[in-house]
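> This is the structure I have questions about; it appears just below.
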Amino acid sequence: MTSAEGRIAEGRVAAEPKAGDARRSAMRSMVAALNRMLPRSLLGRSLLIIITPLILLQVVSTWVFYDSHWETVTRRLAGSIAGDIAAVIALMEEVSGPEHYPRIFAVAEETMQLEMTLAPGKILRLNPLLMRETLVDRKLATALANVVRRPFLIDTRSLEKYVEIQVQLPDGVLHIVAPRRRLFSSTTYVFILWMVGTSLVLFAVATVFMRNQVRPIRRLAAAVDDFGKGRETGDFRIEGATEVRQVAAAFNLMRNRITRQITQRTEMLAGVSHDLRTPLTRMKLQLAMLPDSPDTADLKADVAEMEKMVGGYLAFARGEGTEQPVEVDLSALLKDVVGSARREGTTIDLHTEEDPLPMRLRPDAFRRCVGNLIANAQRYARTVSVRAGHRGAAVEITIDDDGPGIPPEQREEVFRPFYRLDQSRNSETGGIGLGLTIARDVMRSHGGELALAESPSGGLRARLRLPV
Ligand SMILES: Nc1ncnc2c1ncn2[C@@H]1O[C@H](COP(=O)(O)OP(=O)(O)OP(=O)(O)O)[C@@H](O)[C@H]1O
Ligand SMILES: [Mg+2]
């Protein structure tokens, strides 16, 4: 093998898995397209599950019916017409002259509904185009061939309500017009009509019942969604199928446990903070009675800081839990917060993409959250910019500043209570390190998220995301 051949062979080996990949990806995109066509909702899917086998069953049974019953009926109807025609022809041969034909034709019309005329001396020109093969044509042709045994021509198409048959007789062509209903069974259409009608009724009944089954699931989904977004859900009625009741009961239990746990924690911490104040006050008094020295000065500063921390935590704990979410205009709320922050003297640029921006939230808590972030930016930077607008299924608020920012490895740490970056930076600012903790807590209680990043001007960017 030359080296070129070797390369080609290699190329082929390498190309094969690629073809497989292409087939697989084509399959995958086909499945994806099919998935996209299927209904998304539970109601739609369950109706599809009911309706697909139903239609399948009907198509199969109609097919079977068409094949056996319809064929038998058509054969018998065709046989009856052919028999009548044969009888008339036999009678015509029996009588002794064409002058008797009109009487025979009159009887045929009266008793067999066959309209007959004779074209004397005419020769039938067989036209295969008029004998296109349908089931009726075939059955009629077989019956005529069996019973009449003369050249004939069938036309089941040209006339709307009649079927034309021409038979070659020794003295001319016998032209027969038979009503269509003598040849076509109307029960097929009635049958199909009944099938379609009953399936529509069944579909309507199934829709009503399925909707009742789906309603409690929808209600549960809404309650879970509300709870996730920190909204009041209230006790909703447990109803529906056993499994749905089970999930609803489990959700109620879980929600109550979580709520109870949060309240207990907050109350306990508030209690601890509150109880700490008494010994702190006692320490302060004792320190005041000691003679002044550098040691007592340090101790006094420590006690003062502890008091501030305890006070800050108590203020935070007090605001927890009591406020209820209401419908507010987020854009107005931001204007308000930024307006009062501007009075501190910093330039704050505010840009909201939508002007009334209605949202459901706890306004006081939310104001505190945004206020804390703006206060931080004001403390550590000179210019601040606040932006708000819809991003997909959430509202996003970004607060950018041009200060020193927070190094990436510290961006999680600063959320810890009482955590501050290097003390020297904070000594003159005098914060206690609860601002970000509270802000994130507020966001989480709304089902949202607070994340820190770097702002375009190198400072800190705080990004709030609130699900709508
Ligand atoms: N915009 C910012 N730019 C630079 N550093 C910041 C910024 N915001 C917060 N930090 C750092 O994160 C630390 C924690 O912030 P946090 O708001 O929790 O506490 P604080 O501002 O020190 O006190 P307070 O409880 O009064 O808000 C701050 O001490 C500061 O070091
Ligand atoms: Mg702060």
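> Asp355 to Ala222: FRET efficiency via 1/(1 + (r/R0)^6), r the Cβ-Cβ distance, R0 45 Å, to the nearest 0.05?
It comes to 0.95.
> Taking the dipole about the Cα centre of the chain, with the C-beta of Lys and Arg at +1 and of Asp and Glu at -1, give me whichever of Val326, Ser457, Ala297 is farthest to the positive side.
Going by the charge dipole, the pick is Val326.
> How large is the dipole of the stretch 326-467 about the Cα centre if only Lys and Arg carry +1 and Asp and Glu carry -1, each at its Cβ, rounded to the nearest 20 debye?
280 debye
> Next question. Give me, ordered by chain and number, the residues 5 or more places off Leu169 or on other chains with an amide H under 5 Å from its own placed amide H.
Amide H neighbours of Leu169, under 5 Å, 5+ apart: Leu174.
> Choose one of Met210, Ala394, Leu314: the residue whose Cα lies farthest towards the positive end of the charge dipole of the chain (beta-carbon charges +1 Lys, Arg; -1 Asp, Glu; about the Cα centre).
Most positive-ward Cα: Met210.
> Mind checking the dipole of the stretch 261-363: about its Cα centre, +1 per Lys or Arg Cβ, -1 per Asp or Glu Cβ, Debye to the nearest 20?
Details: 12 positive and 18 negative charges, 85 e Å.
The dipole of the stretch 261-363 has a size of about 420 debye.
> So what is the 222 nm mean residue ellipticity for the chain from helices alone, if each DSSP H run of at least 4 adds -39500 (n - 2.57) and you divide by all residues, rounding to the nearest 500 deg cm²/dmol?
-20500 deg cm²/dmol
> Oh, and also: Taking the mean number of other Cβ atoms within 10 Å as a proxy for protection, how do you rank 98-108, 457-467, 259-269, 329-339 from highest to lowest?
Listed from highest to lowest mean packing, they are 457-467, 329-339, 98-108, 259-269.
> Could you work out how far the C-alpha centroid of the stretch 81-103 sits from that of the stretch 192-237, in angstrom?
Here the answer is 70 Å between Cα centres.
> Treating the beta-carbon of each Lys and Arg as +1 and of each Asp and Glu as -1, no other charges, what is the dipole magnitude of the chain about its Cα centre, to the nearest 20 debye?
640 debye
> Taking θ = phi - 60°, what integer Hz values does the Karplus form 6.51 cos²θ - 1.76 cosθ + 1.60 yield along the stretch 278-295, in sequence order, with x for Gly and Pro?
5, x, 5, 5, 4, 4, 4, 4, 5, 5, 5, 7, 6, x, 5, 7, x, 5
> Can you tell me the relative contact order of the stretch 67-184? Whole percent, Cα pairs under 8 Å, sequence separation 6 or more.
Answer for the stretch 67-184 is 32 percent.
> Figure the gain on full extension for Glu71 and Thr188 (residue separation times 0.36 nm, minus the Cα-Cα span) and round it to one decimal in nm. Show your work: numbers first, answer last.
On the way: separation 117, 0.36 × 117 = 42.12 nm, distance 1.08 nm.
Fully extending the segment from Glu71 to Thr188 adds 41.0 nm.
> Let me ask something additional. Mind giving me the FRET efficiency for Arg342 and Arg387? R0 is 22 Å, r the Cβ-Cβ distance, nearest 0.05 is fine.
With R0 = 22 Å, the Cβ-Cβ based efficiency is 0.85.
> Report the extension gain between Ile49 and Val196 in nm, rounded to one decimal, defined as 0.36 nm multiplied by the number of residues separating them, less their alpha carbon distance.
Between Ile49 and Val196, full extension yields 51.1 nm more.
> Return the FRET efficiency for the residue pair Phe418, Asp298: r is the Cβ-Cβ distance, R0 is 30 Å, and the value is rounded to the nearest 0.05.
0.95
> Here's a follow-up. Please list 3J(HN,Hα) in residue order for the stretch 338-348, calculated via the Karplus relation 6.51 cos²θ - 1.76 cosθ + 1.60 where θ = phi - 60°; whole Hz, with x for glycine and proline.
5, x, 6, 6, 5, 5, 6, x, 7, 8, 10
> Find which of Ile51, Phe184, His351 sits farthest along the positive direction of the dipole of the chain, computed with +1 on the beta-carbon of Lys and Arg, -1 on that of Asp and Glu, about the Cα centre.
Phe184
> Each residue of the stretch 224-235 in turn: what ³J(HN,Hα) in whole Hz from Karplus with 6.51, -1.76, 1.60 and θ = phi - 60°, glycine and Pro shown as x?
5, 4, 4, 4, x, 8, x, 9, 5, 9, x, 7
> Relative contact order (percent) for the chain, with alpha-carbon contacts under 8 angstrom and 6 or more residues of separation?
Answer for the chain is 10 percent.
> Search the structure for amide H atoms under 5 Å from the amide H of Val163, placed 1.01 Å from N in the peptide plane, and list their residues when 5 or more places away or on another chain.
Correct list: Ala178, Arg180.
> Label point 7 Å out from Arg181 along Cα-to-Cβ: which residues of the stretch 134-172 have amide N under 20 Å?
136, 156-165, by backbone N distance to the label point.
> Using 0.36 nm times the number of residues separating Met268 and Arg28, minus their current alpha carbon distance, what extension gain do you get?
The Met268-Arg28 span can extend by a further 80.9 nm.
> Dividing the alpha-carbon Rg of the chain by 2.2 N^0.38 Å yields what?
Its radius of gyration relative to the 2.2 N^0.38 Å reference: 1.99.
FYI, it's all coordinate maths here, none of it is from the lab. Keep in mind it's a predicted model, so treat the numbers as computed, not measured. Here Cβ is always computed from backbone atoms with ideal geometry, including for glycine, and neighbour counts include all displayed protein chains.
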